Amino acid sequence: MITCYLNYVIDPYKLAEFERYARMWIPLVNKFGGTHNGYFLPSEGANNIALALFTFPSLASYEAYRAQSLEDAECLAAFKYAEETRCIVSYQRSFFRPVFE
């Protein structure tokens, strides 16, 4: 199991646009075999940082999702929406593995 952690720098004046973008991606990750653990939008503190977490069974299944997303019409529409609205300034992607009892 691998969890992708996305740390976004967003335009705080385009929070509604970013939230719409986030809602577009949750079912798409699930569609390709992942489990979306949610987006986390600014509340207190920094007003331009948002997070997302989603999990795939393996790094290979994540990589398959990434390749498929570049050919999927719904994913391409989500990418285009973010580009057109410029709600995302930048992002960093990191991967983690869980430790359980």
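The values are calculated or read from the model by the stated rules, or taken from the named source; none is laboratory data. None of the values given here were measured: they were computed from a predicted structure. Positions of Cβ are backbone-derived with ideal geometry, glycine not excepted, and every protein chain shown enters the neighbour counts. The area values use the complete protein model at the heavy-atom level, side chains included, leaving out ligands, DNA and RNA. Shrake-Rupley method; radii C 1.70, N 1.55, O 1.52, S 1.80 Å.
The table below gives the values:
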{"item": "Residues of region 1-35 satisfying the condition of being closer than 14 Å to A77 by Cβ and hydroxyl-bearing (S, T, Y)", "result": "Y21"}
{"item": "Members of region 10-27 that are surrounded by 19 or more Cβ atoms within 10 Å (Cβ to Cβ) and either in a strand (DSSP E or B) or not aromatic (F, W, Y) (or both)", "result": "I10, A22"}
{"item": "Given (1) farther than 17 Å from I88 by Cβ; (2) out of contact with any Pro (no Cβ under 9 Å at 6 or more places or on another chain), index of the condition M1 fails", "result": "(2)"}
{"item": "Filter result for the condition that a residue is part of a strand (DSSP E or B) and open to solvent by 70 Å² or more (accessible area, probe 1.4 Å), over N7, N37, N30, N47", "result": "N37"}
{"item": "Top-ranked residue in region 60-101 [being touching a residue at least 40 places away in the same chain (Cβ under 8 Å) and among the basic types (K, R); ranked as most open to solvent (accessible area, probe 1.4 Å)]", "result": "R97"}
